[in-house]
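The structure appears right after this line, and notes come after that.
The values are calculated or read from the model by the stated rules, or taken from the named source; none is laboratory data. Keep in mind the model is a prediction, meaning the values are calculated, not measured. All Cβ positions, even for glycine, are placed from backbone atoms using ideal geometry, and neighbour counts span all protein chains on display. Surface accessibility is based on the protein's heavy atoms, side chains included, excluding ligands, DNA and RNA. Shrake-Rupley method; radii C 1.70, N 1.55, O 1.52, S 1.80 Å.
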Amino acid sequence: MSYAVKEFFYSLQGEGAHAGRPAIFCRFTGCNLWSGKEKHRAEAICQFCDTDFVGTDGDGGGTFVDAKSLASRVRSFWPESITDDVHPYVICTGGEPLLQLDEALVSAFHMEGIEVAIETNGTIVVPEGIDWVCVSPKFGADLVVESGNEIKLVYPQNGHQPSDFANLQFDYFFLQPMFEHQENNNVQLTVDYCLKHPRWSLSLQTHKLLGLQ
């Protein structure tokens, strides 16, 4: 199987339980909830996505003929100065990474000593061996992944309430304010909800606050 990747970059995880952790980001092309093209946004299941996952023209992006070549490419982004006891950490994202990420690629990552995380919309079954599973449900899409390490719900989201997910089997429950370019009241709404419902913790997009990729 070949793999199509939009871009790679090395940065800090900006969200959720691993916020602040150095990571290699591997952004796969494609999504099952939106084409990624503005002309299709109004009819998309997820209309608030702010990520470019179309094509393979991003930094280092391209088509990789097999799992081994992609895993080797990801490993090359990890600084050589880091000591051997710190494993490289890749976050597979998109789009929807599980359209492409399979057991062969997970195994190839592990052969390179890479710890594997995903950020998924939860509509596709997770292959065996992934080390960290973060699910971000989108209204209008059937959620099939009901357990994992963290659930990160964009809030407020028309049609979804946090209470719809509070009894699922996750280690961490995060609410992340819906990003808006104008004056954003969603941060305060999210803070208020977390204070009233302490199962949920606040997740901010700290990479945007810090100007990181």
For strands (runs of 3 or more DSSP E) lying entirely in segment 1-119, having 2 or more residues that are within 27 Å of residue 203 (Cβ to Cβ) picks out 3-12, 22-28, 89-93
Residue check: is residue 184 modelled with pLDDT under 95, more than 15 Å from the chain's Cα centre (by Cα), open to solvent by 30 Å² or more (accessible area, probe 1.4 Å) and over 24 Å from residue 10 (Cβ atoms)? yes
Contact list please: Cβ distance under 8 Å, first residue in segment 156-171 and without any contact (Cβ under 8 Å) to a residue 40 or more places away in the chain, second residue of a type in the set (Asp, Glu) and open to solvent by 90 Å² or more (accessible area, probe 1.4 Å), pairs at least six apart or on different chains. 168/146; 169/146
Within segment 139-154, track down each residue that is open to solvent by less than 30 Å² (accessible area, probe 1.4 Å) and over 16 Å from residue 171 (Cα atoms). 141, 154
If you check 87, 18, which single one turns out to be touching a strand residue (DSSP E or B) at 6+ places or on another chain (Cβ under 8 Å), modelled with pLDDT under 95 and either among the hydroxyl-bearing types (Ser, Thr, Tyr) or closer than 19 Å to residue 116 by Cα (or both)? 87
The number of residues in segment 39-56 that are closer than 22 Å to residue 208 by Cα, open to solvent by 60 Å² or more (accessible area, probe 1.4 Å) and of a type outside the set (Phe, Trp, Tyr) is 3
Do we have any residue at all in segment 187-194 that's of a type in the set (A, V, I, L, M), free of Cβ contacts under 8 Å to residues at least 12 places away in the same chain and farther than 17 Å from residue 14 by Cα? yes
For segment 112-122, indicate whether the set of residues that are surrounded by fewer than 20 Cβ atoms within 10 Å (Cβ to Cβ), farther than 16 Å from residue 25 by Cβ and out of contact with any Pro (no Cβ under 9 Å at 6 or more places or on another chain) is non-empty. no
Filter segment 1-48 down to residues that are within 16 Å of residue 64 (Cα to Cα), of a type outside the set (Phe, Trp, Tyr) and touching a Leu at 6+ places or on another chain (Cβ under 6 Å), then give me how many there are. 1
From (1) open to solvent by less than 80 Å² (accessible area, probe 1.4 Å); (2) in contact (Cβ under 8 Å) with a residue 40 or more places away in the chain, pick out the condition that doesn't hold for residue 175. (2)
Could you figure out which of (1) over 14 Å from the mean Cα position of the chain (by Cα); (2) open to solvent by 50 Å² or more (accessible area, probe 1.4 Å); (3) at pLDDT 95 or above isn't true of residue 67? (2)
I'm trying to understand the selection: among the residues of segment 81-111, which are of a type in the set (Asp, Glu) and surrounded by fewer than 18 Cβ atoms within 10 Å (Cβ to Cβ)? 84, 85, 102, 103
Of all residues in segment 187-213, which are closer than 20 Å to residue 17 by Cβ and modelled with pLDDT of 95 or more? 190, 191, 193, 194, 195, 197, 198, 199, 200, 201, 202, 203
Checking 200, 132 in turn, the sole residue that is aromatic (Phe, Trp, Tyr) and in contact with a Pro (Cβ under 9 Å, 6 or more places away or on another chain) turns out to be 200
